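Visitor: Just dropping this structure here.
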Amino acid sequence: MAYGPSLPDMYKRAAIYVDRLLRGAKAAVLPIEQPTRFTLVINVKTAKAIGLEIPATMLARADEVIE
């Protein structure tokens, strides 16, 4: 299982920062942003291989399930 910030969302935010820098903004005045979107990914195949059973409610809440 992995729960963390959404990588595609972070890449989009990084592109916005690069755009601002290339347009002449100073890096020191740009605000620091924290991720606002998180994803839960569950690898069922690996869980079964190590003898773990993932509850159905947890699988239903996952953003991505790898089988």
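The values are calculated or read from the model by the stated rules, or taken from the named source; none is laboratory data. This is a predicted model, so every value here is computed, not measured. When we count neighbours, we look across all protein chains shown, and the Cβ atoms used for this are built from the backbone with ideal geometry, even at glycine. The area values use the complete protein model at the heavy-atom level, side chains included, leaving out ligands, DNA and RNA. Shrake-Rupley method; radii C 1.70, N 1.55, O 1.52, S 1.80 Å.
Visitor: Measure off, as a whole percent, the carbon and sulfur share of the 1.4 Å-probe accessible area of the chain, all protein chains present.
Guide: 59 percent
Visitor: Nearest 10 degrees is fine. How inclined is helix 7-22 to the longest principal axis of the chain, computing both from alpha carbons?
Guide: 10 degrees
Visitor: Sticking with this structure for a sec: Please work out which option in (i) 1.23; (ii) 0.99; (iii) 1.48 gives Rg/Rh (Cα atoms, Kirkwood Rh) calculated from these coordinates, and answer with its label.
Guide: Looking at Rg/Rh (Cα atoms, Kirkwood Rh) for this model, the match is (i).
Visitor: Label-point separation (nm) for A27 and K12, each offset 7 Å from Cα along Cα-to-Cβ?
Guide: Placing both labels 7 Å beyond Cα along the Cβ direction yields 2.5 nm.
Visitor: For every helix of n ≥ 4 consecutive DSSP H residues, a contribution of -39,500 (n - 2.57) applies; sum these over the chain, divide by its total residues, and give [θ] at 222 nm rounded to the nearest 500 deg cm²/dmol.
Guide: Result for the chain: -12000 deg cm²/dmol, rounded to the nearest 500.
Visitor: Obtain the nm distance between the two label points defined at A2 and Q34 by a simple spin-label model: each point lies 7 Å from its Cα along the Cα-to-C-beta direction.
Guide: Roughly 2.2 nm, to one decimal.
Visitor: Please name which of A14, A56, F38 has its Cα lying farthest along the dipole of the chain towards the positive end, using unit charges on Cβ (Lys, Arg +1; Asp, Glu -1) and the Cα centre as origin.
Guide: Result: A14.
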